[in-house]
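The values are calculated or read from the model by the stated rules, or taken from the named source; none is laboratory data. Note that the coordinates shown come from a computational prediction; the quantities given were computed from them, not determined experimentally. Counting neighbours? That spans all protein chains shown, and the Cβs are built from the backbone with ideal geometry, glycine included.
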Amino acid sequence: MSPSSNDQVLDLFKKSDALLQGHFKLTSGKHSEWYFEKIRLIEKPAALEKIVDLLVAKIKTECPDFDYVVSPAYGAIAIGFLAALKLGKKFAFVQRVEEKMSFRSGFSGIDGARAIIVEDILTTGGSIQEVVACLKERNTAIEGIYVLVDRTGGAVPIEGKPVGALLALKIEAFEVDACPFCKNGVLLIKPGASDKKA
């Protein structure tokens, strides 16, 4: 992805007030100075459509042959659904039930299909790994993994596959006992989170 495209993605987050600076507890349980609040993108459909258009263009170039777009609930559902609509593919989501990702019973065609995973933000890769495990249980081939933002700067491959990111930045995330903001008494903010246990 060209630097100008990176700037375009970052600009969309900034214009949507979706890039926050402070002291945040991430879904992974780690702490960070920066937080990408994708909900502020989702509540502005025009901005979300622009960023999904960029994602769709990337997917079409890199991974044209698959059946389903699969996203984890809840934050990535709107992103994955819109991407599937624009790609002309089927859409399914997985959700955490009793601390394990699974498909709702209504998704009947996913078994043995080919899928790409579309997630919002990659920090540790934990949620994506859960989706991978869920797809493997259904004998679904994983053709690609895509995210809006990769906070590891490309440092976390999943299942040996590189993660296709619109924006890849190396943003440090601290364990609680090593967090400089905690040590300096900076107020901790826990933005919106899924039902994942930290």
Count - residues of the range 57-75 that are surrounded by fewer than 20 Cβ atoms within 10 Å (Cβ to Cβ) and in a helix (DSSP H, G or I): 5
Tabulated pairs, the range 105-126, first farther than 30 Å from Ile171 by Cβ, second hydrophobic (A, V, I, L, M, F, W, C) and part of a loop (DSSP other than H, G, I, E, B), C-beta under 6 angstrom, 6+ apart or interchain: Arg114/Phe66
Enumeration of residues in the range 18-42 that are within 20 Å of Tyr74 (Cα to Cα) and either of a type in the set (Asp, Glu) or part of a helix (DSSP H, G or I) (or both): Glu37, Lys38, Ile39, Arg40, Leu41, Ile42
Close pairs (6 angstrom Cβ cut-off, 6 or more residues apart or separate chains): over 29 Å from Pro191 (Cβ atoms) in the range 48-77, surrounded by 21 or more Cβ atoms within 10 Å (Cβ to Cβ) and of a type in the set (Val, Ile, Thr) anywhere: Cys63/Ile116; Phe66/Ile116
Yes/no for Cys134 being of a type outside the set (Phe, Trp, Tyr), at pLDDT below 95 and either under 22 Å from Lys38 (Cα atoms) or crowded, with 16+ Cβ neighbours inside 10 Å (or both): yes
Elements of type strands (runs of 3 or more DSSP E) contained in the range 91-152, each with 2 or more residues being farther than 12 Å from Pro72 by Cα: 114-122, 141-150
Where a residue in the range 171-184 is farther than 14 Å from Gly22 by Cβ and its partner, wherever it lies, is part of a helix (DSSP H, G or I) and modelled with pLDDT of 95 or more, with Cβ under 8 Å and at least six apart: Val176/Cys182
Residue among Ala83, Ala47, Ala78 that alone is assigned to a helix (DSSP H, G or I) and buried (at least 22 other Cβ atoms within 10 Å of the Cβ): Ala83
Meets criteria (over 28 Å from His31 (Cα atoms), crowded, with 19+ Cβ neighbours inside 10 Å, touching a Cys at 6+ places or on another chain (Cβ under 7 Å) and not polar (S, T, N, Q)) for Ile116: yes
Of the criteria (1) free of Cβ contacts under 8 Å to residues at least 24 places away in the same chain; (2) over 21 Å from Glu43 (Cβ atoms), which one Phe81 fails: (2)
Residues of the range 127-163 satisfying the condition of being touching a residue at least 24 places away in the same chain (Cβ under 8 Å), farther than 17 Å from Ala115 by Cβ and more than 11 Å from the chain's Cα centre (by Cα): Thr152, Val156
